[in-house]
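Please read the structure below before turning to the comments.
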Amino acid sequence: MKKGLLQSVMMISLLGTASSAALAEEGIQGAIDFRESVMTTYKWYMDPMGAMVKGKIPFDAAFFKSRAEGLANASRLDVSEGFPKGSVGESEAKPEIWDNWDDFLSKYQNMQDEAVKLQQVAATGDEAAIKAQFGKTGETCGSCHKKYRSKK
Ligand code: HEC
């Protein structure tokens, strides 16, 4: 990763100013792709758990546990790398993110904490506790989206 970045910085200086804007833009798009992939990964794990909690599909403790594990692991990714300053581009990220960076990071931390708790609760197989903790985890996604993600 670091090497790739250094190489692109070198490329920019080699190619001169005309193409540097395009390359810088590609860098931002790379970051947007990264964060959106991470978010899509969360959705991948959250959706089946949500379906079980809502009773759309039968509750299956082992399957739920595997989804909660996946989410907790994915939440350890440092998504802040995907939010270089001002990288709104053609995304749903709101500029307010960078005016409230510490708050944004703490909202991410909350999500990580609740996802890890969900993993622990899911391992117990206690359906009622699992459903309650799933709700708390989902709220941390919503609380960040409400403030920092624009509606399509
Ligand atoms: C700290 C803030 C934050 C947290 C926590 C967060 N998100 Fe997001 N999410 C965002 C932002 C900002 C965007 C818009 C990113 C963009 O468009 O580039 C987004 C976008 C998304 C998208 C759309 C991705 C795309 O391809 O456009 C999905 C799906 C998503 N989030 C799911 C989740 C789920 C599920 C959780 C909880 C497990 C979660 N997010 C937690 C900030 C957050």
Residue satisfying condition, being touching a strand residue (DSSP E or B) at 6+ places or on another chain (Cβ under 9 Å), part of a helix (DSSP H, G or I), aliphatic (A, V, I, L, M) and in contact (Cβ under 8 Å) with a residue 24 or more places away in the chain, within set I28, I32
I32
Pull up segment 27-50, narrow it to residues that are more than 6 Å from the ligand (Cβ to nearest atom) and under 13 Å from V88 (Cα atoms), then point me to the one that is surrounded by the fewest Cβ atoms within 10 Å (Cβ to Cβ).
D33
Counting only residues that are more than 14 Å from K65 (Cα to Cα), polar (S, T, N, Q) and exposed (fewer than 13 other Cβ atoms within 10 Å of the Cβ), segment 95-152 contains a total of 3
Over segment 69-90, the set of residues of a type in the set (G, A, S) and in a helix (DSSP H, G or I) is G70, A72, A74, S75, S80, G82
Cβ pairs under 6 Å, 6+ apart or interchain, first in segment 78-99 and closer than 17 Å to K147 by Cβ and without any contact (Cβ under 8 Å) to a residue 40 or more places away in the chain, second within 9 Å of the ligand (Cβ to nearest atom) and of a type in the set (A, V, I, L, M, F, W, C), ordered by first then second residue, are P95/V88
Within segment 62-92, residues aliphatic (A, V, I, L, M) and out of contact with any helix residue (DSSP H, G or I) (no Cβ under 7 Å at 6 or more places or on another chain) come out as A62, V88
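Bear in mind these aren't lab numbers, they're just calculated from the coordinates by the rules spelled out. Source: prediction; values computed, not measured. As a convention, Cβ positions derive from the backbone with ideal geometry for all residues, glycine included, and neighbour counts pool all protein chains shown.
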